[in-house]
Amino acid sequence: MTDWCVFVAKDDTGAALAPTSVELRQGTSSHAFGDVAGQGLSLDLGAIAPGAYSLVVTLPNRPELPLAVGVKTAKTGKLVYFRGRSPAAAALSSQSVSAGPAKSRTLHVIELTLGKSHEEVVLVAGWDYSGGANNALYAKTWRDDLYAGETHVTGSKTTITRVVHDFTVVTLFDFKTGLRTRWLKGRSDWHELDSVLQGTVPTHTASYKTPANTQKRHDDDSISIVHVYDYIIELGATAPRSLKRFDIFSHAWAGGPILVNTDQDEEFSTGARHTERDPGDKDGRDKDFTATNMPRRADFRKAFASDGVAKVWGCFATTDYRRLIRGAAQAPDETTPFTVRTSEGEVEVTGERVKNFFRVRLLPETYMGQMAMAAGITVYGAPPGMGADLRAVGKKNYMFVNQSVYRLEYGWYKDALGLEPDESGHIPFR
Amino acid sequence: MQSESSRAHQDLALRRSTVPGAVSSFAATAHRPTDTGRPRLSPWGCLAAIALTSLAPSCARSSGEQSRVDVPGDPSARPAPPLPGEPPHAGDPAETTGAPDETPRTGQDTANTAEALLASAARLEAVEVLDLDTRRLRVTFTAEQVEAMRDALTAATIQESFVNTPPPWSVAVRFRADGATVVGVPVGERALRVNPREPFSAAWASPSGEPLPGVRDIALGETLYDLLAEKLGPPSQEYRPARPLNLNGL
């Protein structure tokens, strides 16, 4: 009696998929499945030591899919099982076959059902250096909502487009821990595919008020927005048009998401190389999408599905912008001058100038505007002038822009720019 | 698109505090039944009671006076006199910044709460801006500015949500009314975060992400932000301020 693991893949219409390879990996060693006549892709478990493995499935035009499995010895022989929660997209069954008394086998069959093409959602959780929030909770709530097709981000149940299916890979870059974790939906909860430290050390999360800590965060080889970009770029090269959503939960400002709050060295902020990314900088910057800073931006663009969406959930609470909007919203018409107090002193403007400033200059030059142009998708963000809030609805955690607080401003965005917020109060920057 | 019910819910997002146990004044919180059922006066309450008699000089100093920004190295700047419940300055008399704050600490019966601040808002007597790290005095509000803050706090509400913005300046604000003090940290442009256990902290959540007990954000409007901007200048780097507006040519 021998035990074999057999692998079968099909798409959600039932059509068979032909893997390029299937391997059982542990550290640097791997055991490849072979095509056994009458049995399909199979691996004899006899030579496999009990332990934790990744069952790495490679299919054309898809990234490697590493299912978390284990091999153990039972009374009846060796068997394979899913570690953690079993993926909803996979079924595991056993059957005995016999080709005579001396040749009976137990086949442990893993049948994986995928979409017609790869689909993925990438989430980013910044480190909340000042408030203490665990932004991964907001990302995970959103992951669950995208699977359920409903959200409570408005405070009550609201239907949204279901983006995550059983076969959708959800990837979270957590800047507090430094880990990139990937899941498939589990039969309950989520099946963790893998969890990998980005860089060589976790994020240094000591007090943000101490300059030495900020410098260490800059100098460390730890998680950076560049890891996220590189992941998306590889996705674009391997599985074009597969990225359905790219959501970033963090503090933010006009210049981008603040993921660990690193400063740029002077050379890269105001110096001769100010158009280049500072290699030590970990935060997102609006200059990230240039040919210099993202040489493979064609692959970055290719990663996004035609209906792909990105969203920066954090603040855009710049008071000057809010005051310009309030002034314009309260002006009798678009041509009557009014005065606004700003951080640069008082400025006299008209509603028309404010509108043009937002449309021509501000919105396109933000991180969201720049990403929208680079990726060719709609990118949402908090409207300039508005801050994001955090709230819990039961065990769910949400970032949102309070539409009651900013009613006047939202009215101006709609009337002057034709921009209306989504369910969480964010507006499209393209 | 939002449903009507969700809009209605959001309209309720800002509400006047009706938290059970909210007190009518700071001093009142000093009186709580003991295990024996008898009221007791906490050490802080005693200090508050004694302090009532020493309010006059402080008010007189504030009345009609320009708010002071203590500039390190400015020989004309003088340290502020100690507040009730605060030890006298122990440092060099030439020290140009105020003494480190010694107000509420964990375990003291001081009611450093948003509810207490709102309950006594109408009787606000003094407002001081302290450095968040050193806790030294940086600015004392004038009587006119205190009045503006009194109005803002009287109309303020406690939010059901937390503002997701780092402190625009590295400061805390100390409010005094009814002989007691409450310290909060401005967050964003429209909120004040009050933490009963760690008054000089902008954090609202524990490392696991759960809200810390008693921490509240007060929705203030922009009054405090405006007054701080006037005295401290544009928000510092940690808030990442606006870029140059550059409205030319539009």
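Taking all Cα pairs closer than 8 Å and separated by 6 or more residues, the relative contact order of region A:271-430 comes to 26 percent. Taking 7 Å steps out from each Cα toward its Cβ at A:LYS72 and A:SER93 produces label points 2.3 nm apart.
Which of A:MET368, B:MET149 comes first, and how do the rest follow, when ranked by fewest Cβ neighbours within 10 Å? The partial results should precede the final answer.
Values: A:MET368 31, B:MET149 22.
In increasing order of surrounding Cβ atoms, one gets B:MET149, A:MET368.
Legend: mean number of C-beta atoms from other chains within 10 angstrom of residue C-beta atoms, peptide A:314-321, equals 6.
If Lys and Arg each add +1 and Asp and Glu each add -1, what is the summed charge of the other residues whose beta carbon sits under 13 Å from the beta carbon of A:LYS396? Overall, the nearby charge balance is +2. As a calculated quantity, the FRET efficiency between A:LYS414 and A:SER104 at R0 = 60 Å, using C-beta atoms, amounts to about 0.25. Counting Cβ atoms of other protein chains within 10 Å of each Cβ in B:200-209 and taking the mean gives 5.
So what is the 222 nm mean residue ellipticity for chain A from helices alone, if each DSSP H run of at least 4 adds -39500 (n - 2.57) and you divide by all residues, rounding to the nearest 500 deg cm²/dmol? Numbers along the way, then the final one.
Values: 9 runs with 81 residues, N = 430.
The helix-only estimate for chain A comes to -5500 deg cm²/dmol at 222 nm.
Relative to the 2.2 N^0.38 Å rule of thumb, region A:57-149 has a C-alpha radius of gyration ratio of 1.60.
Quick one: if the Förster radius is 35 Å, what FRET efficiency do A:VAL360 and A:ILE160 give, using the C-beta to C-beta distance and rounding to 0.05?
On the way: r = 32 Å, r/R0 = 0.91.
Calculated value: 0.65.
Take B:119-130, A:136-147 and order them by the average number of nearby Cβ atoms within 10 Å per residue, most first; the result is A:136-147, B:119-130. The Cβ shell under 15 Å around A:ARG85 holds other residues with a net charge of +1, Lys and Arg each +1, Asp and Glu each -1.
Counting only DSSP beta bridges with both residues in region A:1-143, what percent are antiparallel, rounded to the nearest 5?
Numbers: 39 of 49 bridges.
Roughly 80 percent of the DSSP beta bridges within region A:1-143 come out antiparallel.
Structural descriptor for chain A: relative contact order 12 percent, calculated from alpha carbon pairs under 8 angstrom and at least 6 residues apart. For A:VAL109, the residues whose modelled amide H falls within less than 5 Å of its own, excluding neighbours fewer than 5 places apart on the same chain, are A:VAL6, A:SER93, A:SER94, A:GLN95.
Mind checking A:420-428 for the average number of partner chain beta-carbons within 10 Å of each residue's beta-carbon?
Working: counts 1, 2, 2, 4, 1, 2, 0, 0, 0.
Across A:420-428, the average partner-chain Cβ count within 10 Å equals 1.
Restricting the count to DSSP beta bridges whose residues both fall in chain A, what percent are antiparallel, rounded to a multiple of 5? Let's see the in-between values first.
Details: 70 of 101 bridges.
The antiparallel fraction comes to roughly 70 percent.
What is the local net charge at A:VAL201, summed over the other residues whose Cβ is closer than 11 Å to its Cβ (Lys, Arg +1; Asp, Glu -1)? Here the charged neighbours net out to -1.
Contact order, relative form, for region A:2-114: 31 percent (alpha carbon pairs under 8 Å, 6 or more residues apart, mean separation divided by residue count).
Taken together, the values in this text are just the output of simple stated rules run on the coordinates, not laboratory data. Quick caveat: nothing in here was measured; it's all calculated off a predicted structure. Every residue, glycine as well, gets a Cβ built from its backbone with ideal geometry; the counts of neighbours run over all protein chains shown.
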